[in-house]
Amino acid sequence: MTHIKITLTDGSIKDFPKGTTAYEIAKSIGKRLAEDAVAAKVNESIKDLDAPINEDASLHLITLESKGGLDCLRHSLAHLLAAAVMELWPDTKRTIGPPIENGFYYDFEFSKPITEEDLPKIEAKMREILPGWDKFERSEHTAAEAKKEYPNNPYKHELIYEFTKDGKKVSFYKSGNYTDLCKGGHLSSMKKVKPDAFKITHVAGAYWKGSEKNPMLTRIYAVAFPTKKELDDYLKQQEEAQKRDHRKIGKELDLFSFSEISPGSPFFHPKGAFMFIALQNFLRELYPSWGYQEVITPLIYGSDLWKTSGHWDHFREHMFEVEMDHKEAALKPMNCPSHILIFKTQTRSYRDLPIRIVDFAPLHRNELKGTLGGLMRVRKFSQDDCHVFCTPEQVKDEIKSLIKNATYVYKDVFGFDFRVELSTKPEKAMGDPKLWEIAENSLKKALEENGIKYKLNPREGAFYGPKIDFHIKDALGRSWQCGTEQLDFQQPQRFNVEYTGADNTGHTAVMLHRTVLGSIERFLGILIEHFAGKFPLWISPVQIRILTVADRFNGYANKLKEKFEEYNLRVEVDSRTESIGKKVREAQLEKVPLILTVGEKEENANTVAVRTLDGDVRFGIKADEFLEKVLNNIREKKIKVEI
């Protein structure tokens, strides 16, 4: 009997007969492990537990609590969703149903449109079908056989053609009475699914394969978790997220708007523009100590530049093309080539390095209209986009400096916890393997020497170099990828970016792409939702509102306003003939951090009564004392107002 070698998660290697399944291997290790396992990762591919293993392989058994296990759960439920839809509307054309973060979706072409009102009916049908399902049975078919399963379904026929171009058969999976074309990656048993731990959430339009040239389909979204408690916790979080939605708060606070005249490009109103510029200026104050030099670069470049950089071949569909001097050109989607042009205007020595060039230039990317989402996904945006030109030996120190800078901005200024992920050389990589080794070791050492724990993503780096990404966690526990440090070997080679080394010969520079905030539009959206509109005082578009109890105190209120404005504070006076209670409520709804009330007592004593958004109320504070505390709060970039 032929045997194969299986490398287990702990590094041990064991022999098993060829054709042994992952379940049999799990059972040989322990009964409990076999019971908990829901799928297996075999040589980096997710496989069903009962799939035979016919060659030497690494094996990682997947439980329901892991991301891989959750993906299997959600993908299995996508089959159940499709089964329910096909029972309710048998003439529907099915397409694909993958797992996504927190859930899954399935795209359909219905003969008659469905609405949100149909969702409870679909969900009920799923629960009705579920008890009759258990294991997924796999079968293989030729292209001709597979197409017979889907008469008059061009979407499945297209997939079958793609999957069988090399002459291979395609796999089908059946559970209960439902069969579907599928590559696999399911639960070992649908009996592990809790019937009250999934929920259909909404429907949306989606183009087939994401292209506007293809038909519009109906996408049904759902969320799913191992337990009802996890589902309830998630739904509660989503309810809170809706209250914090930056689009809702942005409209309420008059920060920004959007128009169909320019989809995906925000119009920042005066208050929103202040916040946008305040973020830029906050960084500008830090740049001298970071060794950054800010530049201003053009927005339109001829196609020759993009052909040299590789974007014309690999990114053209996401670029806005224009004509310049009767030649092909495009709005820039990123700053790196323009910074290379600046670097190359002079002969550079190793003594000049590192050189750090930063740019807030507007960038334009032709994202699909259906993927746009407020400030989080836009077509026009600006980044704190820095490119560092350095020697390979300087990479580690550059990474250490970015970690220090990012830690200050995320934790000390905004109060975010963050985590780091390190992605290493992919299979299809460009550049000298020795440079890759130096770069990866530099990234690892820099993280470890700074005491930064990181998640390793093997073989998931960019094709031009390894990278680290910073993920911040907001008030609802959601993770957002913001900062990054990417090592690029390809563009310096393409553009012949060189410096003169100590040996007096030319050397190719290493180029690092880095940001801390990332897209400023997106970071502003994150701040709006994280703080629910109750911003730190230094970045609040209105810092102080002075309320008068009667018209005769308007003079004192305006005198205070003028004094505060001498220190560049943003102050409003509400002198309307409304009750103080109404004025306070409106100021609170508009999230004004400091609400002052002035009347006869305050005018006579040159004091103010202060109310914060947290409900802290203090009377009889001297105006000068109040001013000093406000200025100190702003200087120290405090997260909470302290008066």
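The values are calculated or read from the model by the stated rules, or taken from the named source; none is laboratory data. Given the structure is predicted, the values throughout are model-derived calculations rather than measurements. Don't worry about glycine lacking a Cβ; one is built from the backbone with ideal geometry, like all the others, and counts go over all protein chains shown.
What to note about this one:
- In the set (1) at pLDDT below 95; (2) surrounded by 13 or more Cβ atoms within 10 Å (Cβ to Cβ), LYS228 fails one condition alone, (1).
- Of the candidates LEU363, LEU375, LEU368, the single residue that is under 28 Å from ASN214 (Cα atoms), in the same structural domain as HIS471 (by TED's automatic domain parsing) and surrounded by fewer than 17 Cβ atoms within 10 Å (Cβ to Cβ) is LEU368.
- Number of residues in region 581-614 that are over 23 Å from ASP254 (Cβ atoms) and touching a Leu at 6+ places or on another chain (Cβ under 8 Å) equals 5.
- Test: residue in region 151-168 that is assigned by TED's automatic domain parsing to the domain that holds PRO99, on the phi > 0 side of the Ramachandran plot, of a type in the set (Gly, Ala, Ser) and surrounded by 12 or more Cβ atoms within 10 Å (Cβ to Cβ): no
- Helices (runs of 4 or more DSSP H) fully within region 485-576 counting 3 or more residues that are touching a residue at least 12 places away in the same chain (Cβ under 8 Å) and polar (S, T, N, Q): 490-494
- Selection status of ALA51, among the small types (Gly, Ala, Ser), farther than 20 Å from ASP10 by Cβ and in the same structural domain as PRO131 (by TED's automatic domain parsing): no
- Output for region 72-130, where each listed residue is outside any helix (DSSP H, G or I), among the acidic types (Asp, Glu) and surrounded by 17 or more Cβ atoms within 10 Å (Cβ to Cβ): ASP107, GLU109
- Matching residues in region 240-275 - criterion: being free of Cβ contacts under 8 Å to residues at least 60 places away in the same chain and surrounded by 18 or more Cβ atoms within 10 Å (Cβ to Cβ): PHE268
- Restricted to region 483-520, and to residues there that are within 24 Å of the chain's Cα centre (by Cα) and of a type in the set (Asp, Glu), the residue that is surrounded by the most Cβ atoms within 10 Å (Cβ to Cβ) is GLU485.
- Evaluating GLY310 against the criteria (1) modelled with pLDDT under 95; (2) crowded, with 20+ Cβ neighbours inside 10 Å leaves one unmet condition, (2).
- Verdict on SER289 being part of a helix (DSSP H, G or I), crowded, with 19+ Cβ neighbours inside 10 Å and among the small types (Gly, Ala, Ser): no
- The numbered conditions (1) at pLDDT below 95; (2) buried (at least 19 other Cβ atoms within 10 Å of the Cβ); (3) out of contact with any Leu (no Cβ under 9 Å at 6 or more places or on another chain) are all true for ILE472 except (1).
- Meets criteria (buried (at least 21 other Cβ atoms within 10 Å of the Cβ) and not assigned by TED's automatic domain parsing to the domain that holds ARG351) for ILE526: no
- Where ILE46 falls short, out of the listed (1) crowded, with 21+ Cβ neighbours inside 10 Å; (2) among the β-branched types (Val, Ile, Thr); (3) in a strand (DSSP E or B): (1)
- Residue in region 575-595 that is surrounded by fewer than 19 Cβ atoms within 10 Å (Cβ to Cβ), in contact with a Ser or Thr (Cβ under 7 Å, 6 or more places away or on another chain) and farther than 30 Å from PHE418 by Cα present: yes
- Residues within region 570-591 that are among the β-branched types (Val, Ile, Thr), at pLDDT 95 or above and over 10 Å from LEU547 (Cβ atoms), tallied: 1
- So LYS14, is it in contact with a His (Cβ under 7 Å, 6 or more places away or on another chain), part of a strand (DSSP E or B) and not assigned by TED's automatic domain parsing to the domain that holds VAL193: no
- Candidate set from region 110-148 (those that are of a type in the set (D, E, K, R) and in contact with a Leu (Cβ under 7 Å, 6 or more places away or on another chain)); member that is farthest from GLY176 (Cα to Cα): LYS121
- Subset of region 427-472 (residues that are part of a loop (DSSP other than H, G, I, E, B) and either closer than 19 Å to GLN491 by Cβ or in contact with an Asp or Glu (Cβ under 8 Å, 6 or more places away or on another chain) (or both)): LYS428, ALA429, MET430, GLY431, ASP432, ARG459, GLY461, PHE463, TYR464, PRO466
- Of all residues in region 318-339, those satisfying the criterion of being over 24 Å from the mean Cα position of the chain (by Cα), part of a strand (DSSP E or B) and within 12 Å of LEU305 (Cα to Cα) are GLU328, ALA329, ALA330.
- Meets criteria (buried (at least 16 other Cβ atoms within 10 Å of the Cβ), small (Gly, Ala, Ser) and not assigned by TED's automatic domain parsing to the domain that holds ASP384) for SER303: yes
- Residue satisfying all of: in region 391-418; of a type in the set (Lys, Arg) and surrounded by 15 or more Cβ atoms within 10 Å (Cβ to Cβ); nearest to the chain's Cα centre (by Cα) among these: LYS400
- Some residue of region 114-130 being under 26 Å from the mean Cα position of the chain (by Cα) and assigned by TED's automatic domain parsing to the domain that holds LYS169: no
- Among (1) at pLDDT 85 or above; (2) of a type in the set (D, E, K, R); (3) part of a loop (DSSP other than H, G, I, E, B); (4) in contact with a strand residue (DSSP E or B) (Cβ under 8 Å, 6 or more places away or on another chain), the one test that LYS5 misses: (3)
- GLY620 falls short of the stated requirement of being over 39 Å from the mean Cα position of the chain (by Cα), farther than 30 Å from LEU283 by Cα, part of a helix (DSSP H, G or I) and not hydroxyl-bearing (Ser, Thr, Tyr).
- Answer residue from region 340-349, given it is outside any helix (DSSP H, G or I) and touching a residue at least 24 places away in the same chain (Cβ under 8 Å) and is surrounded by the fewest Cβ atoms within 10 Å (Cβ to Cβ) among those: THR347
- Criterion violated by ALA34 - all others in (1) free of Cβ contacts under 8 Å to residues at least 12 places away in the same chain; (2) among the small types (Gly, Ala, Ser); (3) assigned to a loop (DSSP other than H, G, I, E, B) satisfied: (3)
- Number of residues in region 292-317 that are outside any helix (DSSP H, G or I), more than 25 Å from the chain's Cα centre (by Cα) and among the aromatic types (Phe, Trp, Tyr): the value is 2.
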